[in-house]
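Peer 1: Sharing a structure with you now.
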Amino acid sequence: MLAMNYRGPKRVRIDEKPMPEIKHPQDAIVRVTRSCICGSDLHLYNGNVPDTRVGSTFGHEFTGIVEEIGSEVTKLKVGDHVLVPFNISCGQCAFCKQELYGNCHESNPEATAVGAIYGYSHTAGGYNGGQAEYVRVPYANVGPTVIPEGMDPDDAVLLTDVVPTGYQAAEMAGIQKGDTVLIFGAGPIGIMAAKCSWLFGAGRVIVLDKEEYRLEFARNYADCEAYNFEEMDDPVLWAKKQTDWMGADVCIDAVGAEAAGNVMQTITGRKLLLQAGSATALHWAINSVKKGGIISIVGVYGPTDNLVPIGNVLNKGLTIRANQASVKRLLPRLIEHVQNGVLNPKGLITHRIPLEEVADGYRMFSGKLDNCIKTVLIPPSARM
């Protein structure tokens, strides 16, 4: 089968790889119909995530047709068209029973923090991902969800990560009616978080980024304000001025390890890898939020330390909430929002390209070329 093959930092290609096989009675084999390149994949692509091994296949956002099932799979049948949450979850451990599917205790023997994630290095379990023609899906009774009849696969594939992560970012922020929400990052997650903030009653939604095309997209898609932080002397001072010197009610870090805007953070976190990515956006969030405010973090950082002003968190009495999205918990509500026209996930997609051109897709997305917001990869069998 064709699959994306990681060859080292900034080097990916399409290759022939062996077909996946059933390894456990609860496995399924899925023929991919859609997969995405995620902003989080760029952390892998750029070499910022530990134990990202040569030969890995990335891709934690995908839909597909069930081709084969293990003997203990009862909730799927061959031929089902499913969306597959990026969390690999057993459904039975103490954390899955709390609906913390991103923190499954059984699916990832490599870590005690995060659960397993498709195509996201051996720190996330070492599973191959969906930027391929076929994928082995463990715990097939738990994660995969049959796509409702009539739903566009382009909408469905964004329900595997982008929509639930953006929604949970707003949910964790504890938004109250009339709140000012300040979001760092106008990638797909930040834009979706802005869109979802209105659902929780926000009175004002502001997004900061440095790419003008992304800011314009955010304004049009999420009906929010969007500003270029490179045009500000100090984004924190700017945020204070915008909020009568109180600070935003809540801040959302939708950037994570690739944040720009601070030379020291960029050098130590992105160039020398002395910390788990550049924490610039998190600094700005902590210092821009009001006393007693809430910080919601969905931007991905590595598993090692970061230089963070924890004293400001203490002295301001802040609440920090962070996690990988629990996709399975949120899916019923989000499917309803899509079916009712409240959310339009496929509106984020700017590029649909053949799987065979995955290397060009990474180059374009990483380089912010051609006004790229979200790229969907389509395997050969889904183009027939």
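Peer 1: May I ask for the net charge around A194, where only other residues with Cβ less than 14 Å from the Cβ of A194 are counted and Lys, Arg are +1 while Asp, Glu are -1?
Peer 2: Details: positive: K195, R204, R214, R219; negative: E171, D179, D209, E216, D223, E225, D253.
Net charge in that neighbourhood comes out at -3.
Peer 1: Output the peptides 353-362, 14-23, 131-140 sorted from most to least packed, where packing is the average of other Cβ atoms within 10 Å over each peptide's residues.
Peer 2: On the way: 353-362: 18.9, 14-23: 13.6, 131-140: 25.4.
Top of the packing list down: 131-140, 353-362, 14-23.
Peer 1: So how long is each side of segment 80-199 along the principal axes, counting just the alpha-carbon atoms, biggest first, in Å?
Peer 2: 43, 37, 25
Peer 1: Output the pairs from K195/K346; K10/K368; K75/K97; K195/K368; K210/K374; K328/K368 with a Cα-Cα distance over 20 Å in this structure; if there are none, say none.
Peer 2: Working: K195/K346 13 Å; K10/K368 14 Å; K75/K97 18 Å; K195/K368 22 Å; K210/K374 17 Å; K328/K368 31 Å.
The pairs that break the limit, which is 20 Å between Cα atoms, are K195/K368; K328/K368.
Peer 1: To continue, here is another question. Could you work out the relative contact order of the chain, using alpha carbon pairs under 8 angstrom and six or more residues apart, expressed as a whole percent? Mind showing how you got there, number by number?
Peer 2: Details: 949 pairs, mean separation 65.6, N = 384.
Taking the mean separation of contacting Cα pairs over the length of the chain, I get 17 percent.
Peer 1: Cβ under 14 Å from S121's Cβ, S121 left aside: what net charge do those residues give with Lys, Arg +1 and Asp, Glu -1? Display every interim value, and only then the final one.
Peer 2: Details: positive: R53; negative: D41, D51, E110.
Every neighbour counted, the sum reads -2.
Peer 1: When the expected Rg is taken as 2.2 N^0.38 Å, what fraction or multiple of it is the alpha-carbon Rg of the chain? Don't jump to the answer; show the numbers that get you there.
Peer 2: Details: Rg = 19.8 Å, N = 384, 2.2 N^0.38 = 21.1 Å.
The value comes to 0.94.
Peer 1: Taking all protein chains in place and a 1.4 Å probe, what share, in percent, of the accessible surface of segment 166-322 do carbon and sulfur account for?
Peer 2: Working: 3410 of 6550 Å².
That fraction is 52 percent.
Peer 1: So, one more: Along each of its three principal axes, how wide is the spread of alpha-carbon positions in segment 166-322, in whole angstrom units, largest first?
Peer 2: 40, 36, 29 Å, listed from the longest principal axis down.
Peer 1: Using 0.36 nm times the number of residues separating K291 and M246, minus their current alpha carbon distance, what extension gain do you get? Walk me through the numbers on the way to the answer.
Peer 2: Values: separation 45, 0.36 × 45 = 16.20 nm, distance 0.77 nm.
Gain on stretching K291 to M246: 15.4 nm.
Peer 1: Testing the spin-label approximation: label points 7 Å from Cα along Cα→Cβ at A322 and H24. State their distance in nm.
Peer 2: Using points 7 Å along Cα→Cβ, the separation is 2.8 nm.
Peer 1: A follow-up question, please. Excluding same-chain residues fewer than 8 positions from K177, which aspartates and glutamates have a Cα within less than 16 Å of its Cα?
Peer 2: The qualifying aspartates and glutamates are D249.
Peer 1: Compute the whole-percent fraction of alpha carbon pairs in segment 294-384 spaced more than 23 Å apart. Before the final figure, lay out each step's value.
Peer 2: Values: 2279 of 4095 pairs.
Cα-Cα pairs of segment 294-384 separated by over 23 Å account for 56 percent.
Peer 1: Please give the net charge around V300, taking every other residue with its beta carbon less than 12 angstrom from that of V300, where Lys and Arg add +1 and Asp and Glu add -1.
Peer 2: Working: positive: none; negative: D41, D161, D253, E258.
So the environment of V300 carries a net charge of -4.
Peer 1: Using per-residue counts of other Cβ atoms within 10 Å, averaged over each peptide, order 326-339, 221-234 from highest down. Numbers along the way, then the final one.
Peer 2: On the way: 326-339: 18.1, 221-234: 16.2.
Put in order of decreasing packing, that is 326-339, 221-234.
Peer 1: 7 Å from Cα along Cα→Cβ at both L199 and E99: what's the point-to-point distance in nm?
Peer 2: Distance between label points: 1.3 nm.
Peer 1: Quick one: which of 141-149, 294-302, 236-244, 159-167 comes out on top by average Cβ neighbours within 10 Å, and what's the full order, highest first? Intermediate results must be reported in sequence, preceding the final value.
Peer 2: Numbers: 141-149: 18.7, 294-302: 25.0, 236-244: 16.3, 159-167: 28.4.
Answer by packing, highest mean first, reads 159-167, 294-302, 141-149, 236-244.
The values are calculated or read from the model by the stated rules, or taken from the named source; none is laboratory data. Bear in mind that the values here come from a model prediction, so they are computed numbers and not experimental data. Because the Cβ atoms are built from the backbone with ideal geometry, glycine has one as well, and the counts that use them run over all protein chains shown. In case anyone asks, the SASA skips ligands and DNA or RNA and just uses the protein heavy atoms, side chains included. Shrake-Rupley method; radii C 1.70, N 1.55, O 1.52, S 1.80 Å.
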